[in-house]
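Please read the structure below before turning to the comments.
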Amino acid sequence: MARGLWLYRVIMKTLERLYIWAESKMEYPDDHTILGVPIDDDLQKMSRRELCAHIEENTPGEGSFWKLDSTTKIRFGCQMMRGYE
């Protein structure tokens with residue numbers, strides 16, 4: 001890792017944990033459609049952690065989806081969506 005980047009990683013991980021804690025206190029609307037895509041009831045009821053675990057259990061390759069940085073998760077999702085277009 002490049003010199004000095006460790007501090008940014010510590011800051012990002014701290015903010016990530018704070019975000020996850022704050023997000024767990026949120027209540028979301030009961031929208032069963034997101035951007036025109038119908039969302040199954042079981043996914044609608046899952047927490048962020050449960051959703052990440054579900055993705056991790058159902059994706060190819062090795063590694064841990066939950067441990068990826070946010071932007072890396074989005075990049076992964078974008079790549080996976082290309083297979084559905």
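Derivation of every value follows stated rules applied to the coordinates shown; laboratory data play no part. In this text, all values refer to a predicted model and were calculated from it rather than measured experimentally. Glycine gets a Cβ as well: all are built from the backbone with ideal geometry, and neighbour counts include every protein chain shown.
In order along region 11-18, phi translates into HN-Hα couplings of 4, 4, 5, 5, 5, 4, 5, 5 Hz, rounded to whole numbers, per the Karplus curve 6.51 cos²θ - 1.76 cosθ + 1.60 with θ = phi - 60° and x for Gly and Pro.
Largest mean-square fluctuation among Lys25, Lys73, Lys13, in a Gaussian network model of the chain whose springs join Cα atoms under 10 Å apart, belongs to Lys25. Around the Cα centre of the chain, unit charges on the Cβ atoms of Lys, Arg, Asp and Glu (plus for the first two, minus for the last two) sum to a dipole of about 740 debye. With unit charges on the beta carbon (Lys/Arg positive, Asp/Glu negative), name the residue among Ile55, Gly36, Trp66 whose Cα is farthest towards the positive pole of the charge dipole of the chain. Final value for the positive-end residue is Trp66. This structure gives Cα extents along the principal axes in Å, computed directly, and of [x] 43, 20, 16; [y] 50, 31, 19; [z] 45, 33, 22 that value is listed as [z].
Here the Karplus relation 6.51 cos²θ - 1.76 cosθ + 1.60, evaluated at θ = phi - 60°, turns the backbone of region 45-52 into coupling constants of 8, 7, 7, 4, 4, 5, 5, 5 Hz, with x for every Gly and Pro. Sort out for me the Cα centre separation of region 38-85 from region 1-24, rounded to whole Å. What the calculation gives is 20 Å, centre to centre.
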